[in-house]
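The values are calculated or read from the model by the stated rules, or taken from the named source; none is laboratory data. Keep in mind it's a predicted model, so treat the numbers as computed, not measured. With ideal geometry, Cβ positions are generated from the backbone for all residues, glycine too; neighbour counts draw on all protein chains shown. Protein only, heavy atoms only, side chains kept; ligands, DNA and RNA dropped before computing areas. Shrake-Rupley method; radii C 1.70, N 1.55, O 1.52, S 1.80 Å.
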Amino acid sequence: MISDTELDALRLSGEKVRVVRDELEANDVIGIVVAWDDEQVLIRRQNRRVVKLDRRYRYQLFSEPRQSGLSDELK
């Protein structure tokens, strides 16, 4: 699970993140971190819609190559 410190750094930097939800790249969510709580993260997508996602998904910078695979907690 992504830590509060990592989420805060992503929110302050305003960098795009990629949320890998499963093995299919088409199902990834790309946007910026807006807010979070103990279980979920709000991501604002490019079309300005806000998506609420589980914190257990894999969060990575959009500028980095995609790393497939889910965390062991979701399997």
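Inside segment 1-13, residues that are open to solvent by 100 Å² or more (accessible area, probe 1.4 Å) and either farther than 18 Å from VAL50 by Cα or in contact with a helix residue (DSSP H, G or I) (Cβ under 9 Å, 6 or more places away or on another chain) (or both) make up a count of 2. The residues of segment 32-48 that are over 9 Å from the mean Cα position of the chain (by Cα) and surrounded by 17 or more Cβ atoms within 10 Å (Cβ to Cβ) amount to a single one, TRP36. Contact map, segment 51-69: first residue under 13 Å from LYS16 (Cα atoms) and among the polar types (S, T, N, Q), second residue open to solvent by 80 Å² or more (accessible area, probe 1.4 Å) and at pLDDT below 95, Cβ cut-off under 8 Å, separation 6 or more or different chains; pairs are GLN60/GLN67. Restricting attention to segment 1-37, the residues that are touching a strand residue (DSSP E or B) at 6+ places or on another chain (Cβ under 8 Å), assigned to a loop (DSSP other than H, G, I, E, B) and among the hydrophobic types (A, V, I, L, M, F, W, C) add up to 1.
Residues of segment 14-31 that are farther than 17 Å from LYS52 by Cβ and open to solvent by 60 Å² or more (accessible area, probe 1.4 Å): GLU15, LYS16, GLU23, LEU24, GLU25, ALA26. For segment 50-63, a tally of residues being within 15 Å of SER13 (Cα to Cα) and either touching a Leu at 6+ places or on another chain (Cβ under 7 Å) or in a strand (DSSP E or B) (or both) returns 3.
Looking across segment 38-49, the residues that are in a strand (DSSP E or B) and either within 16 Å of SER63 (Cα to Cα) or touching a residue at least 12 places away in the same chain (Cβ under 8 Å) (or both) come down to GLN40, VAL41, ILE43, ARG44, ARG45.
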